[in-house]
Amino acid sequence: MRKLLCISIVWFAFIAASSADEMTNAEIEKSLIRLDQAIVQNPTNAKNYVERGDIYYLLNELGKSVKDYSAALTLDKNLDTAYFGRGMAYGRMGLVDEGIADLSIYISRHPDSSVAFTKRGVRNIWRGNMFAAEQDLTRAVELDPTNAEAHDDLGVIHAKKQQLGMAANHFSTAIKLDPSYQKAYHNLAMCYFIAGHPHRALEEVDAGLKLDAYNRNSLMLKSTILQSLGRDGEAKIISDHAEFLPEANWSERSAVGGVLNQ
């Protein structure tokens, strides 16, 4: 027996327009200096705290981002983007219940936000509440059928329920909507492998590795698939290489991982 290896809004205007990877250190520093000065000059402007919180979130300085979002809400309880941002940050800090509470406030005020339902659904997965997660992700897809992230995470829910055909359909849809979605290839490969189609699984995991050649989870999955095909030498080379790669960072995107033990 072996365990299968693991496997907006447009959000704030700042986050929709850029990411930490796309900003230079100088640009980040300049933005923070500008916002620090603006807050000193006008400490009652709640939106400046939100904008600075957005930057801290992108930098993964989550404690600072929560502090700024909370400061903004102290000044203006109707600033919905602060609830959304703090809900995101709380979740990534492991304060999942607090994150869901904030996202729920945002959803109560923006019931047509596919993104918000997606993010709350992901946090319900983290919390282990699959019923609530499925409700959220199903609603996210209803609101926006082109939401690739929601399709992928809904596929994870179906895979965990052993509904592999439905899971594969959602993973395939995510890939069609966003061909750069590496995690969806990984999930679809795992789905095919569990269903007893190792050659199709190998095709999908290779497609994902073209996007991220050093993804440890996908390399380990490929090694497992190759081993099942009797290609033990290739499998060992890949697993030996993958063993020294870092674990993936915490992601909003869920993987099937550990759906079955074999």
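Data overview
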{"item": "First in the stretch 200-217 and closer than 10 Å to GLN182 by Cα and open to solvent by 30 Å² or more (accessible area, probe 1.4 Å), second anywhere and basic (Lys, Arg) and not in a helix (DSSP H, G or I), Cβ under 8 Å, 6 or more apart", "result": "none"}
{"item": "Flag if GLY53 is at pLDDT 95 or above, assigned to a helix (DSSP H, G or I) and either closer than 24 Å to GLY121 by Cβ or of a type in the set (Val, Ile, Thr) (or both)", "result": "yes"}
{"item": "In the stretch 117-156, the residues that are over 16 Å from the mean Cα position of the chain (by Cα) and crowded, with 24+ Cβ neighbours inside 10 Å", "result": "none"}
{"item": "Single match in GLY87, GLY99, GLY91 (criterion: surrounded by 24 or more Cβ atoms within 10 Å (Cβ to Cβ) and touching a Phe, Trp or Tyr at 6+ places or on another chain (Cβ under 6 Å))", "result": "GLY99"}
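The values are calculated or read from the model by the stated rules, or taken from the named source; none is laboratory data. These numbers were taken from a predicted model, which means no experiment stands behind them. All Cβ positions, glycine included, derive from the backbone under ideal geometry; neighbour counts span all protein chains shown. Quick note on the areas: whole protein, heavy atoms, side chains included, nothing else; ligands and nucleic acids left out. Shrake-Rupley method; radii C 1.70, N 1.55, O 1.52, S 1.80 Å.
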